[in-house]
Amino acid sequence: MIALGADHGGVYLKDAVKKYLEENGIAYKDYGTEGTESVDYAPFAYKVAKAVTSGEAEKGILCCGTGIGISIAANKVPGIRAAVCTNAFCAEMTRRHNDANILCMGGRVIDEKTAVELSKIFLETPFDGGRHARRIGQIAAIERGEEL
Ligand code: RB5
């Protein structure tokens, strides 16, 4: 299952991604928001991040105006590696090298077509492992308060 969330600045992107998932038979859960009324992004980031770290969701996709605020909030949840992506290269590399588990995008930065393209790449690209696994382990150590 893919967990989706957005604030008002990213709701169009989130709904475009939702349509793509529906059309392709990919299970998802939409944590909101609905509509364009102004809302705070952190609660949506938190719900999607918890869905991912609890194992309920395999990955998450979060959208706000820039993708930045919602990624900062999601990355406060231990175990989350949320990456803001604006192009296909970043969406591929954040899976291959960072094992990102949440893709973040900005509704005031990219259009719906690009958001769907980046989501498809993000969902289909595997983690390369190897030396990158060591680096992910170092990020986890920082989360545990360890010295590097
Ligand atoms: C909301 O206006 C906007 O600040 C939010 O969507 C996001 O861009 C924050 O990073």
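If we only count helices (runs of 4 or more DSSP H) wholly inside region 49-132, which ones have 3 or more residues that are within 13 Å of the ligand (Cβ to nearest atom)?
Where helices (runs of 4 or more DSSP H) fall fully within region 49-132 and carry at least 3 residues being within 13 Å of the ligand (Cβ to nearest atom), they are 68-74.
From 72, 102, 139, 68, grab the single residue that is surrounded by fewer than 17 Cβ atoms within 10 Å (Cβ to Cβ) and touching a strand residue (DSSP E or B) at 6+ places or on another chain (Cβ under 7 Å).
Going through 72, 102, 139, 68 in turn, the sole match is 68.
No lab work stands behind these numbers, since they all come straight from the coordinates. All figures in this text were calculated on a predicted structure; none of them were measured in a lab. FYI the Cβ positions are ideal-geometry reconstructions off the backbone, even for glycines, and counts take in every protein chain you see.
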